[in-house]
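Participant: Below are the structure tokens for one structure; questions will follow.
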Amino acid sequence: MTTRERPTLEAVARRAGVSRATVSRVVNGSTTVAAGIRDAVNRAVDELGYVPNQAARSLVTQRTDSIALILPETANRVFSDDLFFPAIIRGVGMELEAADKQLVLMMTGSTAGHHRVERYAVAGHVDGVLFASIHGADPLPGLLAARGIPVVCSGRPPAPVPYVDVDHAGGVAAAVRHLVASGRRRIATIAGPQDMVAGLERLAGYRDTLGEAGLPTLVANGDFTRDSGVSAMRELLERDRGLDAVFAASDLMAHGALQTLRAAGRRVPEDVAVIGFDDFEISRYSDPPLTTVRQPIAEAGRTMAQLMLRLIGGAEDVPESVVLPTELVLRESA
């Protein structure tokens, strides 16, 4: 049995009656080739079943047509019940697919993971790098940007690179003002991780808004997971049995809080009002349905990808930041 040889540029050139260089320009997307010649080359490509050699093509174009999305988390965290990750991946993936680019998903939940990603990107395997879920002063975005690699982040990054974020403080302010307007006076919060911009800004929004209302604050820390919402709500009830509302900095933590309140015999919203942040689909089906702050996660992913495509395309008017609006969604829990 003989193996069919892969069609070459030379074979396409002979079939189309043009030079090898002309075929190379056409398959690499050049717009300087006359329409009639370009059509002849494309016909020959189709007839012979020619597939460009990506490695060789990259040498010519200096492009891989691949974009990395880096999640500085462990696989257990990314593939948990937190719907942030599939939403951001879906948004980025849809935009890149429309642009005929390949998404490369990488997780860096360890120091070794950071080094692996740095080596991969610096070696030229991708045209740019997107970051989401950054913790602390992660040096990787700045290191890659300093190497001349296009970088876009989700959330305000520690390095001066373009980023996409949502209006955390505005969303929290709307939630807390709603609680105050409904007569709640002992309003607690389950804060998100304080090594993340989202956790910091949502806590600041809570404190600032209660300060404007002249009301005290009561804070327990979580990590955006359901289990942390359970334990943080227990802590809050132990510290103030008379609290009448809680703002949780994520829907999963709010769901954990609902579970704890139910176990403690507290009625929601009659005894304690609860508001979350995200507006994941599961919040419509919680008991009771959850009032929450909607953040456009998939849109943030699409916007990140759009900025990246403009960067690698050489655009000079790429904004330094894009902040998307949030919206309070009222349901039965508050």
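Participant: State which residue is farthest from the chain's Cα centre (by Cα) when the search covers only region 198-216 and only residues that are open to solvent by 30 Å² or more (accessible area, probe 1.4 Å) and small (Gly, Ala, Ser).
Facilitator: Step by step, filter region 198-216, then rank; the result is Gly214.
Participant: Which residues, counting only those in region 280-319, are under 28 Å from Val151 (Cβ atoms), of a type in the set (D, E, K, R) and in a helix (DSSP H, G or I)?
Facilitator: Glu299, Arg302, Arg310
Participant: Just to be sure, is Thr108 open to solvent by less than 50 Å² (accessible area, probe 1.4 Å) and in contact with a Phe, Trp or Tyr (Cβ under 7 Å, 6 or more places away or on another chain)?
Facilitator: Details: open to solvent by less than 50 Å² (accessible area, probe 1.4 Å): yes; in contact with a Phe, Trp or Tyr (Cβ under 7 Å, 6 or more places away or on another chain): no.
In short, no.
Participant: Could you count how many residues in region 205-230 are out of contact with any His (no Cβ under 7 Å at 6 or more places or on another chain), small (Gly, Ala, Ser), assigned to a helix (DSSP H, G or I) and closer than 18 Å to Met253 by Cα?
Facilitator: 1
Participant: Within region 241-262, is there a residue that is outside any helix (DSSP H, G or I) and at pLDDT below 95?
Facilitator: Looking through region 241-262, at least one residue is outside any helix (DSSP H, G or I) and at pLDDT below 95.
Participant: Which one is nearest to Val180 (Cα to Cα), of the residues in region 224-265 that are crowded, with 19+ Cβ neighbours inside 10 Å and charged (D, E, K, R)?
Facilitator: Looking at residues that are crowded, with 19+ Cβ neighbours inside 10 Å and charged (D, E, K, R), I get Asp244.
This table checks each residue for (1) without any contact (Cβ under 8 Å) to a residue 40 or more places away in the chain; (2) at positive phi.
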{"residue": "Asp82", "(1), (2)": "no, no"}
{"residue": "Phe85", "(1), (2)": "no, no"}
{"residue": "Asp100", "(1), (2)": "yes, yes"}
{"residue": "Thr111", "(1), (2)": "yes, no"}
{"residue": "Phe131", "(1), (2)": "no, no"}
{"residue": "Ile134", "(1), (2)": "no, no"}
{"residue": "Pro139", "(1), (2)": "yes, no"}
{"residue": "Leu143", "(1), (2)": "yes, no"}
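Participant: Which residues, counting only those in region 171-197, are of a type in the set (Gly, Ala, Ser), open to solvent by less than 30 Å² (accessible area, probe 1.4 Å) and either touching a residue at least 60 places away in the same chain (Cβ under 8 Å) or out of contact with any strand residue (DSSP E or B) (no Cβ under 8 Å at 6 or more places or on another chain) (or both)? Show your work before the answer.
Facilitator: In the first step, residues of region 171-197 are kept if they are of a type in the set (Gly, Ala, Ser); the result is 171, 173-175, 181-183, 188, 191-192.
Restricting the remaining residues to those that are open to solvent by less than 30 Å² (accessible area, probe 1.4 Å) gives 171, 173, 175, 188, 191-192.
Scanning region 171-197 gives Gly171, Ala173, Ala175, Gly192.
Participant: Among the residues of region 76-92, which ones are small (Gly, Ala, Ser) and crowded, with 19+ Cβ neighbours inside 10 Å?
Facilitator: Step one: filter region 76-92 for residues small (Gly, Ala, Ser), giving 80, 87, 91.
Hits for region 76-92 are Ala87, Gly91.
Participant: Follow-up. Can you name the residue in region 292-334 that is touching a strand residue (DSSP E or B) at 6+ places or on another chain (Cβ under 7 Å), closer than 20 Å to Val161 by Cβ and of a type in the set (Val, Ile, Thr) and is also most open to solvent (accessible area, probe 1.4 Å) among such residues?
Facilitator: Filtering first and then ranking leaves Val323.
Participant: Could you check, for region 47-56, whether at least one of its residues is within 30 Å of Ser24 (Cα to Cα), at pLDDT 90 or above and β-branched (Val, Ile, Thr)?
Facilitator: For region 47-56, residues within 30 Å of Ser24 (Cα to Cα), at pLDDT 90 or above and β-branched (Val, Ile, Thr): absent.
Participant: Shifting gears a bit: Would you mind stating whether Val322 is in contact (Cβ under 8 Å) with a residue 60 or more places away in the chain and outside any helix (DSSP H, G or I)?
Facilitator: yes
Participant: Also, quick follow-up: Go through region 115-144 and count every residue that is open to solvent by 40 Å² or more (accessible area, probe 1.4 Å) and aliphatic (A, V, I, L, M).
Facilitator: Here the count works out to 4.
Participant: Are there any pairs, at least 6 apart or on different chains, whose C-beta atoms fall under 7 Å, with the first in region 1-26 and assigned to a loop (DSSP other than H, G, I, E, B) and at pLDDT 85 or above and the second of a type outside the set (S, T, N, Q) and open to solvent by 60 Å² or more (accessible area, probe 1.4 Å), and if so, which?
Facilitator: Short answer, once both residue conditions are applied: Val18/Ile37.
The values are calculated or read from the model by the stated rules, or taken from the named source; none is laboratory data. Note that the structure is a prediction, hence the values are computed from the model and not measured. So basically every Cβ, Gly included, is an ideal-geometry build from the backbone, and we count neighbours across all protein chains shown. Heavy atoms of the whole protein, side chains included, go into the accessibility calculation; ligands, DNA and RNA do not. Shrake-Rupley method; radii C 1.70, N 1.55, O 1.52, S 1.80 Å.
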